[in-house]
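Beneath this line is the structure, given in structure tokens, with notes to follow.
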Amino acid sequence: MKDQILKVLELAVTAPSGDNCQPWKFVVDSPRVRLYNLPDKDTSLYNFEQKASLIAHGALLENLQIAAPAFGLKSEIKLFPEGQQSDFVAEILFEKAGGLSADPLFDSLPRRNTNRRQYERRPLSGEAHQALLAASDDIPGAQVYLSKDEAEKNQLAQLLCQNDRLVFENPRLHRFLFDHIRFTPEEAARTADGMDLRSFELPAMDRMAFSLLKNWKAVQIVNSLGFLSKKITKQAEKLCRSASAIGLVTIAEDGNADFVNGGRAMERVWLEATRLGLQLHPMAGLGCLIYRIGRGATGEFSQEHVATLRDLEGGLRKTFGCGDETLAMLFRVGYAAPGSAPSLRKPLKNVVEIKGT
Ligand SMILES: Cc1cc2nc3c(=O)[nH]c(=O)nc-3n(C[C@H](O)[C@H](O)[C@H](O)COP(=O)(O)O)c2cc1C
């Protein structure tokens, strides 16, 4: 059974993770697999108390459960067997089973990716809208919201783009992002993590300028001239407006298992979007920072940024019409040509320890 389990894990790790940090490790002791979070992989301000990494783990577990039947396996997942504060995220028990049919989302697993292009501004059909809303119905505590019309989408675009401003005004956010950009295809292949610069889909001139913006001092100088973060914010707003809809996944509570469920819900929406021929771009930054500030961890931000984040939270909740649920994941979804460069994954052997024979 070990070989089938490894095939399932190969698909499980195609899951998204913040800046492609891949914060996971497996111990395979067939028929059991233990999944661990690696807290040092994602040290960004977005990953407050590992919540962003737990969203990634949720996506991974959803992939695993979708993949298993195609390899003749049933999987039973037990979350946090040693308590929710532990890095031991899940124990998975596999069992051979006959007559399983492939999950309808199986074909989407290797095709799902982050598409940061300008989208085609086409409206979603009513069926697609409904299918995305229903994609994660079975995930406890998770709820999906999608903007209903052009006016609502444009309002949300104005809010979401503020994350990009913060990245170019906060040195820690800036450094983490640039540490995870792979500036050449060779660097992307060598590290097999982070994000290939090509996946940012920038015009050639902007790509060159972006390389210079790696230097925080240069960013400060250009910002002092008063236009850099504003220009970047405008570009992000344009990207949001080009989407067919802007979406949000919320979770009822904010325990670690709830964030894992948020990740499962997000992945189901994303795989369903992929199945429908739609592209998706998580714009999760703002939700993560709002959560951080809401938990009182304001230390790394200026008073102005804290106030901005509080205002943005109010705006997002009002526009989506959600209550006091936790904002787990914001995204835009729509139609576009495929992304220019995939984000690579570490070879499975680097993240799997095999026990026994
Ligand atoms: C919790 C989480 C937050 C993310 N936030 C963002 C984001 O704010 N902006 C963005 O462009 N991509 C975001 N992503 C997408 C990741 O960068 C992407 O999944 C990763 O680079 C791997 O690429 P892939 O999705 O194409 O496989 C996020 C992913 C996760 C799981």
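Applying the set (1) more than 13 Å from the ligand (Cβ to nearest atom); (2) out of contact with any Phe, Trp or Tyr (no Cβ under 7 Å at 6 or more places or on another chain) to GLN22 leaves exactly one unmet item: (1).
Among the residues of segment 200-219, the ones that are crowded, with 19+ Cβ neighbours inside 10 Å and either within 12 Å of the ligand (Cβ to nearest atom) or not assigned by TED's automatic domain parsing to the domain that holds PRO282 (or both) come to 1 in all. When SER75, SER86, SER44 are checked against the criterion of being within 16 Å of the ligand (Cβ to nearest atom) and hydroxyl-bearing (Ser, Thr, Tyr), a single residue qualifies: SER44. Please determine whether any residue of segment 124-134 is of a type in the set (S, T, N, Q) and either without any contact (Cβ under 8 Å) to a residue 12 or more places away in the chain or not assigned by TED's automatic domain parsing to the domain that holds ALA15 (or both). Within segment 124-134 (the criterion being of a type in the set (S, T, N, Q) and either without any contact (Cβ under 8 Å) to a residue 12 or more places away in the chain or not assigned by TED's automatic domain parsing to the domain that holds ALA15 (or both)), the answer is yes, since at least one residue qualifies. Looking across THR308, THR319, one residue alone is closer than 20 Å to TYR119 by Cβ and either assigned by TED's automatic domain parsing to the domain that holds ASN170 or more than 13 Å from the ligand (Cβ to nearest atom) (or both). It is THR319. So the check is Cβ under 8 Å with 6+ separation or different chains; which pairs have a first residue in segment 147-168 that's farther than 16 Å from MET329 by Cα and a second one that's among the acidic types (Asp, Glu) and away from the ligand (no atom under 14 Å from the Cβ)? Cβ pairs passing all conditions: GLN158/GLU237.
Would you check if PRO347 is open to solvent by 50 Å² or more (accessible area, probe 1.4 Å) and within 14 Å of the ligand (Cβ to nearest atom)? So PRO347 does not fit the description; no.
When GLY277, GLY356, GLY323 are checked against the criterion of being at pLDDT 95 or above and of a type outside the set (A, V, I, L, M), GLY277 stands alone in meeting it.
Given the condition of a type outside the set (D, E, K, R), buried (at least 23 other Cβ atoms within 10 Å of the Cβ), farther than 23 Å from ILE77 by Cα and within 13 Å of the ligand (Cβ to nearest atom), answer yes or no: does some residue in segment 289-297 qualify? Yes: segment 289-297 contains one or more residues that are of a type outside the set (D, E, K, R), buried (at least 23 other Cβ atoms within 10 Å of the Cβ), farther than 23 Å from ILE77 by Cα and within 13 Å of the ligand (Cβ to nearest atom). For ALA337, the test of being part of a loop (DSSP other than H, G, I, E, B) and surrounded by fewer than 15 Cβ atoms within 10 Å (Cβ to Cβ) is passed. Looking at segment 150-161, can you tell me whether even one residue there is within 14 Å of the ligand (Cβ to nearest atom) and either out of contact with any Leu (no Cβ under 9 Å at 6 or more places or on another chain) or not in a helix (DSSP H, G or I) (or both)? Checked against the condition, which is being within 14 Å of the ligand (Cβ to nearest atom) and either out of contact with any Leu (no Cβ under 9 Å at 6 or more places or on another chain) or not in a helix (DSSP H, G or I) (or both), segment 150-161 yields at least one hit. Among the residues of segment 225-238, are any in contact with a Ser or Thr (Cβ under 8 Å, 6 or more places away or on another chain) and part of a helix (DSSP H, G or I)? Scanning segment 225-238 turns up no residue that is in contact with a Ser or Thr (Cβ under 8 Å, 6 or more places away or on another chain) and part of a helix (DSSP H, G or I). Among residues of segment 172-199 that are open to solvent by 30 Å² or more (accessible area, probe 1.4 Å), those with a Cβ under 9 angstrom from a residue that is away from the ligand (no atom under 14 Å from the Cβ) and of a type in the set (Gly, Ala, Ser), sequence gap 6+ or separate chain, pair up as PHE183/SER211.
Remark: pairs (first residue in segment 38-62, under 11 Å from GLN22 (Cα atoms); second residue of a type in the set (Lys, Arg) and not in a helix (DSSP H, G or I); Cβ separation under 9 Å; 6+ apart in sequence or on different chains) = LEU38/LYS25. Pairs meeting the criteria (first residue in segment 245-257 and touching a residue at least 12 places away in the same chain (Cβ under 8 Å), second residue among the small types (Gly, Ala, Ser) and surrounded by fewer than 21 Cβ atoms within 10 Å (Cβ to Cβ), beta carbons under 6 Å, at least 6 apart or on different chains) are ILE251/GLY141; ALA252/GLY141.
The values are calculated or read from the model by the stated rules, or taken from the named source; none is laboratory data. In this text the structure is predicted, and so the values were computed from the model without any measurement. Because the Cβ atoms are built from the backbone with ideal geometry, glycine has one as well, and the counts that use them run over all protein chains shown. The protein model used for the area step is the full one, side chains on, heavy atoms only, and it has no ligands, DNA or RNA in it. Shrake-Rupley method; radii C 1.70, N 1.55, O 1.52, S 1.80 Å.
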